[in-house]
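This report refers to the structure that appears directly beneath it.
The values are calculated or read from the model by the stated rules, or taken from the named source; none is laboratory data. Predicted model, so just to flag it, every value in this text is computed and none were measured. Backbone-built Cβ (ideal geometry, glycine too); neighbour counts: all protein chains shown.
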Amino acid sequence: MDRRESLANRAAAGLVSNVDPPTARATEPPPPAQTMVRRELGKTSRWLSPIGFGGIIVMDVTPAEAARYVGEAFERGVNYFDVAPSYGNAQERLGPALKPYRDRVFLAGKTAERDAAGARKELDESLRRLQTDHLDLYQLHGLTSREEVEQAFAGGGAMEVILKAREAGQVRLLGFSAHSEEAAHAAMDRFDFDTILFPFNFITWHKGHFGPSVHQRAKEKGMGLLALKAMAHQQWPEAGRPASSPWDKCWYEPLAEAGPAALALRFTLNLPVTATLPPGHWPLFKLALECVESGRLGPLTDDERERLRELAETAAPIFSDHA
C-alpha cells in the first residue's frame, strides 16, 4: 500500500477529519518517512501535527536524551513543539536538540510575566536558550483571572513588548494559555489572538462543565484551537501523588493505558482542535503518538461516548466551572 492509498483509507476511517488529505500542506515539507497527517491552525495558514511535543518532556534529562527524544519525534512526523521558561531547564535542553530541525518545525513559547520589563527579559532569554531568532507562536502563559488579563494589556504591560516583538519579527503568531474560563473569555474580549491553548478534556467537559463555552467562542472567532490535558484522568488523591507513581512531572493523574488514552485523545481531537500536548513524560508522549499512528483517532461511536461519560462520572475533574 503506498502513502496516498494509506491516507485515503485513514480518511475514510475518520482519522483525518478536518485535514486536507491526501496532500495536507505543512509549514515545511515533511521528512520522506512522514506519515502523520497535519491540521490547519485556525486562520493562520500553518499546519501542525495533531500531537505536539511539550517541552517538559526534556526537563531534567541529559542533552543526549533530549536529542534522541526530539529526533525521534521529528522523524515520526511531529512538527509542533511547545515550551515555557517555567519548565525548569527545558528551554536549555530543547534548543540544542531542536536546532537541526528548527526551520522545519513550529516552535511555540510562552511568558508568565504580566509587565513589560519581565516579558522583555523572558523573551530575550527564551530566544537565547532556544537558539533561534524567532518563535512561531508566543503566548501569554497560564492566565487565571480577568485581573491578570487587564494587567497584561495595561500601560507598561506584557502586551506592549509582545506586539513590538511581532513587529520586529521575533515572534510571528500571538496566543494565550489559560486554566480559567473567565480568563479565557477576558483575553478574547481584549485582543484578536491567533490561538488559544486550553484544557479541552472529556472529564472536565462532561462532569466539570468546563470548556464548552470557551471552545465555542474560540471556534466562532476562527482561532487556532490547541489542547492541554487531553490525557488527564483526575486529581491525585488527597494524600498526593503516590510514591510509586512514575509520573512525577504530572500534577494530576494521567491516563496511561492505551484504550482509555486513545478514547480521550479522540474526544479532544474530534471537538475539533488542531493539536494536543500530551503529559510531559516520554512514555506518555509515545503512547499518544502510537494512538495516532495506529489509526484509532476517528470519531467516537455512541457506545464509546457512553464509556467516556461513565469514566467521567467516577473521576474528580482537574478543572470545573465552579472551581
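Out of the residues in region 157-176 that are under 11 Å from TYR138 (Cβ atoms) and small (Gly, Ala, Ser), which is surrounded by the most Cβ atoms within 10 Å (Cβ to Cβ)? Selected residue: ALA158. Could you please let me know if LEU284 is modelled with pLDDT of 95 or more, part of a helix (DSSP H, G or I), of a type outside the set (Phe, Trp, Tyr) and buried (at least 16 other Cβ atoms within 10 Å of the Cβ)? When the stated conditions are applied, LEU284 passes them. Taking region 88-108 as the range and being touching a residue at least 60 places away in the same chain (Cβ under 8 Å) and either touching a Pro at 6+ places or on another chain (Cβ under 8 Å) or within 15 Å of GLY280 (Cα to Cα) (or both) as the test, only ARG104 passes. Go through LEU311, LEU297, LEU271 for me and flag whichever is surrounded by fewer than 21 Cβ atoms within 10 Å (Cβ to Cβ) and outside any helix (DSSP H, G or I). It is LEU271. With respect to the conditions (1) assigned to a loop (DSSP other than H, G, I, E, B); (2) crowded, with 21+ Cβ neighbours inside 10 Å, LEU225 lacks only one, and its number is (1). As for region 130-144, it holds no residue that is in a helix (DSSP H, G or I), aliphatic (A, V, I, L, M), more than 20 Å from PHE193 (Cβ to Cβ) and at pLDDT 95 or above.
If you filter region 229-268 down to residues that are more than 21 Å from GLY52 (Cα to Cα) and small (Gly, Ala, Ser), you find that the one that is surrounded by the most Cβ atoms within 10 Å (Cβ to Cβ) is SER245. When each of GLY109, GLY175, GLY169 is tested for being more than 21 Å from the chain's Cα centre (by Cα) and not β-branched (Val, Ile, Thr), the lone residue that passes is GLY169.
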